[in-house]
Structures are given as structure tokens and as C-alpha cells.
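Encoded as C-alpha cells, the structure appears first; notes follow it.
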Amino acid sequence: MSALALHPLTAGFGGAVEFIFHKQVSNVTGGHKVGGFEQVLELALRQIEVSVVALAIAIVVALPIGLYFGHKGTGEALAIGLGNATRAVPELAAIALVAAVVGVGFWPLVAVLSLLGIPPILTNAFTGIRQVDRPTVDAARGIGMTEPELLRKVEMPMAVPSIMGGIRTASINIIATATIAPLAGVLTLGNFIINENVYGANGVLAGAIVVAVIALIFEFALAGMQRQLTSRGLRLQAQ
Amino acid sequence: MRFNQKKPLMALVMLIAALALAVGISACGGGSSSSSSESTEAEAPATEETTEETGEEPAEESEEGGSGGEAITANPANEKVSLTIGSKNFPEQEILGEIYTQALQAAGYNAKSDLSLGSETVALKTLKAGKISGYPEYASTALTAFFGLEPEEVPSGATQAWEKANAEFEKEGLTAFKPTPFESANAVGLLKSTAEKYNLKTISDLKGVSEKLSLYGSPECEERIDCLAGLEKYYGLKFKEFKPVDIELRYTVLEKGQADLSILFTTDPKLAAESDKFVILEDDKDVFPAGNVIFVTSQKVAEEAGPDYQKTIEDVQSGLTLKVMQELDARVELERQTPKEAAAAYLEAAGYVE
């Protein structure tokens, strides 16, 4: 029957787009149809929701630490080491661990995802601040800026490209990884990807396409934000 | 990090990155889907008189993996036949794959295993592509997932289910050997204390209570007719909520008190080992079709491999009752033996190999 005839490569792009907009027959659901715009939208919104919350938490946690140590010029081993160490934790293992200890659901999932976003934000904020031209910082200090002023008015503006780069990497990591959420109690677009049995090859591809589109939207939004935050002088320099 | 300028080029780069991401994700998805396919185990229902099919070897009611199978003798004529035995990617399947592989080796075949192929869809594709010689499949899964039957159309007798599946497989150039004695099905499981609190024995007893209870199951459970969709449709149940979880967590969520109900499998070793803690509700409307395992192979391979192929497989599985299968699952899932070790222990204890 259809499952036998279906091959992911032959199913193709058109089938996936069809899946996004129209419900399709599945051979394990006892007749009710799956997919369609409503279900795709519902899962996409859930994916965006967990991703935004996780990204926000990652920023709140990682950015101040990165900025502080970057400004102090100490704790390099800690900032970089911590960043790299958390990067080495496989997310699936982390989810399994959190599930075993805390349980499954929205918040445990968000915790794991934000853990994933912390390393790039932390490392990039730290190195971004460290790499600010030292004579410039000294000059600012020379004209009487206080330390918080230095960070806010000199170092941070000059480190914007690096800091935003970290946030953008984190957002892509988080959005992509949020696809495994259906294994931890939250139905995201990964549901289509994980359950080929139910949604077919069209569903798998449709899920991947929508996730990619969401990642792109985030990427463009953050790029726009970065442009707004970058000072005019730096932008000219970049040209 | 200067993304501001040169927008058209940047957009192109991002598009490529996104596509790469999409491909990457779907690849990951393929991998993980295998874990969810474990639930298909559940598709197969259980009860009946299945032991009679195994028929011919009277000695094999086998308790602990144990009674007398005839020792398999090596036939030198089989040496030039190479076979690759596959399996889906969860312990029970891997144990079965190993049992078949080692038995075929004992019969003189040049056999090797290629286990953990993923979901049934992947396993079937691999078989049809000729990359494996055969793999164990649940008759009910084959009928519902491959051949589009409704669960209520799946015959409850093991022989009838096998005959029906085999007839369909033959149209595809495949063939299925006789079914195993044991069968496996999805089950609604819960803590014994919860069952006592609400006085639950059957799934029908959930009527009127289910609105207060949460149900956890594999992500695919939600839409499957042999899972949540069936509970809603045939039992008319509405649950407080359904939460998808990794199949590995099906007992954890009960132990953690997160789930009131969780979808388990009748062959789960934990059900036997911790029967004072976990119970399953009787499927009084037969919504979860039980499935005995049938070994699916291509007709071409079966012909080339000679009569010992089918005979070895049907002989060696005849000792696999529900109890034995649970015990073997326990060795792997609870005692952390490898499927290979568990299979070897079975073959030896049952007397198929010395």
C-alpha cells in the first residue's frame, strides 16, 4: 500500500508543501487525517515559544557573566572552560537526565535548551569585550569614565558584532534542538520529523522546512537588531 | 560578524545554511524516530492460543528460556549462503535478530546481523532493497502500518493474522515465516496505587475518571489508532492531557508521579519484575491489536538459502513464550546484558546449541 510505495526521495518537496497546507491521510490513525495548516501552525508556535523563552533565559544568564569577566579581564579559563564544557553535553542525554531527575514538560525542556544557548553567548561576550582595542579603553578611562560607564559606553558598543554573533548562534542551536522536544513532553515541529510512521515522508520534510524557515526568521530579526545596535562608526569601519 | 552590508550575498549564504540545517534536522529525525518505533511493539496484541502454532516441538513450553529444543545441526551445504539478519531498533527486536542470526550460524549458514535499522518503515525498505535477508516484524504492525488495516480488522488469532499478512507480503515478493508463541501489545499502564484509588481493572473502567488523569505515551501515540486515537474513538475516553515522551521514559513518568497513565508494552520485563508496583488495564474492547512476531524475508533469499533457513527460524523461536521473552528483555533492559549475550543464553538454555 501507500507506505510501501512511499520513498522519501520520491515524495519530494511538493508533497511536503502540500502537507503544510492540507491534511493528509495516514495509515496508522484509523482514518483521521494529519498535518494541515492548523496543526503545523500550532506546533510551530509551540516551537517558537520554547525557543524564545530558552533564548531569553540563556541571554539573562550568560551575558552578564561574559561581560563582567570580559571587562575584568580575568576568569578566562572559567568563562571559556565553562562554555566549552557545556557545549560537550549532548542535548539528548541532558534531556534524559533532567527527565529522570526533575521530570518532563515545558520548564525542564526550557532549562536544557537554555543550557545549550549559554556557551556561545558567554564565550562571544567574553572574547568580544576582551578584544576591544586597549588604547581606546585606556583613553576613555583617561578622560574620567567610571568602570560601569566604560563597559556601557565603550566596550559594549564595540563588542556588539561579537556579542550578537553569540546570540545568533545560540538562537539557531536552540531552535534546531527544540525539534526533540516531543521526547520530553512538549509537542513541537519535531513531532512531524520523529514520527515518520504517522506523518510520512511528507511530514518529515515539512517539519524540517518549517523549522528552517523559523530559524531564518530569527536569524534575520537578530541581524536587523544587530544593525540597529552597531554604532555608526563601526559600520563605516566595516565597509 | 559584519552582516550588515552586502545583503543579497548574505541572504544567499543564509538560505544555504538553512537548507543545510533542514537536511541535518531531518537526518537527526530519522535517527531518533527509531526510538519511537519501539512503540510499534505495542501494536501487537496478545492473548490467544498462540502456543499451538509453534506446534511440532512438544518439549518447548520453556520456562526460564529453558526446555528442550532440538540441537541445531550444521549443514555443510549452507556454508556458501550468506545471510544478513536485520531488526528494528529496540531491545526485543535486537534480541530476536541475534537469536535468528546465531541459530542460522549454528545451522551452518554464513550469517551476520545488522540490527537497529530504525522503524518498521526503514526496516521494510532495507529488506526490499536487498540489504538484509529478513527481519522480525509484528504481524499486527505489518497489517496496520504496511497494509492499511484498521485495528479491529486484525485477526485476533496468531495464525490468521500471519496468513493474512503473508498473503500481502507475497504480493510484494516477500514471505513471512510462522509466528512466535509470544505476542506483544500496547497497554495502558499505571501505578498499582492509582489503580486501587480509582478501582480500575479494565480500560472501560476509566470512563468518568479519565478526565482527571494524564496520559503519557510516545509522540506518535497521539495520532495512532492503536494508541490514544483508539482510546478516544472506541472507548470514548477524554484525558486531562496527553504528553509525549521518549519511549525510554515510559516507567519514569509513572515513578515520578508526573503521569497517571502511561502506554507500556505487554512484554515489558518491568511488568513482571515489579508487579507489585505497576499494573496494566485489561483492553476489554480489543483496541490494541496483539502481534506475534513473524520473520519476514524475500522469496528470492528463501529459495536460495534452502529449506534449513525456514526450518531453523521456526524451530528456534518455538520456545519464545511471553514469559521467556520477558525474561530475555529483562536481561537486556534491566541487567544490561547485550542482546547478543541474551540470545546466546537462550539458545544454550533451550538446548538449540551446545
- Hey, what did the stretch B:159-255 get for relative contact order, percent, Cα under 8 Å, at least 6 apart? 24 percent
- Note on the structure: In whole angstrom, largest first, the equivalent ellipsoid semi-axes that the Cα gyration tensor gives for the stretch B:232-354 are 34, 20, 13
- Task: For the stretch B:232-308, run through the GluC sites (Glu not before Pro) and keep only the ones in DSSP coil with at most 16 other Cβ atoms within 10 Å of their Cβ.
- Result: B:GLU274
- Item | P(r), alpha carbons of the stretch B:287-346 - 10 Å bins starting at zero, rounded % | 18, 38, 32, 12
- Query: Between the stretch B:95-155 and the stretch A:64-82, what's the alpha-carbon centroid distance in Å?
  - Reply: 54 Å
- Message: Treating the stretch A:97-176 as a set of equal point scatterers at the Cα positions, no solvent, please give the Debye-formula log₁₀ I(q)/I(0) at q = 0.26 Å⁻¹.
- Response: -1.09
- Query: Once the Cα gyration tensor of the protein assembly as shown is found, what semi-axes does its equivalent ellipsoid get, as square roots of 5 times the eigenvalues, in whole Å, sorted largest first?
  - Reply: 52, 25, 23
- Message: Using only the Cα atoms of the stretch B:186-280, what are the Rg and Dmax in Å?
- Response: 12.0, 32
- Query: Which semi-axes, in whole Å and largest first, does the equivalent ellipsoid of the stretch B:88-164 have when worked out from the alpha carbon gyration tensor as the square roots of 5 times its eigenvalues?
  - Reply: 25, 15, 11
- Query: When chain A is treated as a GNM, springs tying every alpha-carbon pair under 10 Å, which of A:ALA178, A:ALA212, A:ALA170 comes out with the largest mean-square fluctuation?
  - Reply: A:ALA212
- Message: Suppose every Lys and Arg Cβ carries +1 and every Asp and Glu Cβ carries -1, with no other charges. What dipole size does the protein assembly as shown come out with about its Cα centre, to the nearest 20 debye?
- Response: 4720 debye
- Message: With 10 angstrom as the radius, rank B:LYS197, B:LYS233 by how many other C-beta atoms surround their C-beta, starting from the fewest.
- Response: B:LYS197, B:LYS233
- Query: What Kirkwood radius, in Å to one decimal, follows from the Cα pairs of chain A?
  - Reply: 19.9 Å
- Task: Could you work out which residue, out of A:GLN228, A:GLN24, A:GLN47, moves most in a Gaussian network model of chain A, that is, has the largest mean-square fluctuation with Cα springs under 10 Å?
- Result: A:GLN228
- Note on the structure: Computed from every Cα-Cα pair in the stretch A:144-188, P(r) in 10 Å bins starting at 0 and rounded to whole percents is 25, 26, 21, 17, 10, 1
- Using Cα centres only, tell me the gap between the stretch A:195-239 and the stretch B:262-321 in whole Å. 46 Å
- In the Gaussian network model of chain A, springs joining C-alpha atoms below 10 Å, which of A:THR177, A:THR127, A:THR74 carries the largest mean-square fluctuation? A:THR74
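All of the numbers you see were taken from the coordinates with simple rules; none came from a lab. Keep in mind it's a predicted model, so treat the numbers as computed, not measured. Neighbour counts are summed over all protein chains in view; Cβ atoms, including those assigned to glycine, are modelled from backbone coordinates with ideal geometry.
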